[in-house]
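Here's the structure, in structure tokens; my notes come after.
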Amino acid sequence: MPLRFRAYLLDETGELKRIPRRVLDGLVFGNDAIPEYANTRQKVVDVYVENEDGKPVRILDARGSYLEFDEEGRIDHSLGRRAMEVMELGDRVARAARAKVVDIRPGIEQKKWLETHRWEVTAEILDRIAADLWPGKDVPQLSTVKGKAPKRPPLTSEARNAVDELWGKVAGIECLIEDLSEVALKGFAFETRRIGADFSDGRELWQTIATLADKAREIKARHRTGRGAWYAVLQVWERVDAREHRSIDTVEVKCATRDEAVEAAQRLLRENAHRFSDRTTIEAEIHSELEWRSVGSGPDHELPSPLANSE
């Protein structure tokens, strides 16, 4: 019994729109956004359909939930937080069930959470979805939600093989550069830039390698001196199986100095210690602003300088 998944968005005006799988996957994995819905909470319907000979034959299930879009129109960060909430609630409910003294509070919290994040799909909405799956002659076609990420062209097997081969070679170049000392990187960058200027073969590649070496050298210098802005970063990881972990949340704090970043990382560990469990781990690191790509989950959480109130 082949199953197919369909997703629909019900906007504030009551209009039902299709969400293409490509757009939904891009939103979930942080590769796409819908600026049109920035800073809004939208209703969505997850529909599970039984297919036969490539055609839908019946709706098996339809679940209503919400997508919370941030100021950029992204949902990946809110989904990560929601997953963490579900795990923490489930853990509290399980512990309450095992306790000798009955505690109904976790169950009540779980019920409230479901009431906040779920909604009942009505018969009228189901009829509109059915009309989209089995359209009649006079039924208007639903509009489609569009992300801002460009549609990916088809990747042939020949192109995929070439990408796979280059992947290892590019990774090797990055590892080679990272292993060089700060002093060695200065000469390396000069020489690769000279080769790019003197020879036409691979000119752009040599120039790019030189730029990467310049950046790696500056990062090493910042770790040595502590200059520039720094980020304290806490990541929460969920164990998928014995070999795989996936990131479900990232918290970042931008700091004016490296010392402030260390203090912020320590604070993040204290504040998030309760999120550690048999299924999740938490890690804290500091990065210079050159090597950390902000998660873009809103304005940076600036920490006040210790000197701000010293006067």
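The values are calculated or read from the model by the stated rules, or taken from the named source; none is laboratory data. Just so you know, these numbers come straight off a predicted model, no measurement behind them. A quick note on method: Cβ atoms are made from the backbone with ideal geometry, for glycine too, and the neighbour counts reach across all protein chains shown. Protein only, heavy atoms only, side chains kept; ligands, DNA and RNA dropped before computing areas. Shrake-Rupley method; radii C 1.70, N 1.55, O 1.52, S 1.80 Å.
What single numbered condition from (1) open to solvent by 50 Å² or more (accessible area, probe 1.4 Å); (2) modelled with pLDDT of 95 or more; (3) among the small types (Gly, Ala, Ser) fails to hold for residue 157?
In the conditions (1) open to solvent by 50 Å² or more (accessible area, probe 1.4 Å); (2) modelled with pLDDT of 95 or more; (3) among the small types (Gly, Ala, Ser), residue 157 misses (2) alone.
Any chance you could count how many residues in region 1-31 are in contact with a helix residue (DSSP H, G or I) (Cβ under 8 Å, 6 or more places away or on another chain), more than 19 Å from residue 77 (Cα to Cα) and open to solvent by 40 Å² or more (accessible area, probe 1.4 Å)?
Going through region 1-31 one residue at a time, the tally reaches 3.
When residue 103 is evaluated against the numbered criteria (1) open to solvent by less than 80 Å² (accessible area, probe 1.4 Å); (2) assigned to a helix (DSSP H, G or I); (3) among the acidic types (Asp, Glu), which criterion, by number, is the only one it fails?
(2)
Give region 32-82 a look and list any residue that's assigned to a helix (DSSP H, G or I) and open to solvent by 40 Å² or more (accessible area, probe 1.4 Å), or say none.
Correct list: 35, 36, 79, 81.
For region 239-292, how many residues meet the condition of being in contact with a His (Cβ under 9 Å, 6 or more places away or on another chain), open to solvent by less than 50 Å² (accessible area, probe 1.4 Å) and in a helix (DSSP H, G or I)?
2
Could you list, in sequence order, all residues of region 130-165 that are assigned to a helix (DSSP H, G or I) and under 25 Å from the mean Cα position of the chain (by Cα)?
160, 163, 164
Could you check region 48-98 and list, in sequence order, the residues that are over 13 Å from the mean Cα position of the chain (by Cα), among the small types (Gly, Ala, Ser) and under 30 Å from residue 132 (Cα atoms)?
Hits for region 48-98 are 54, 62, 64, 65.
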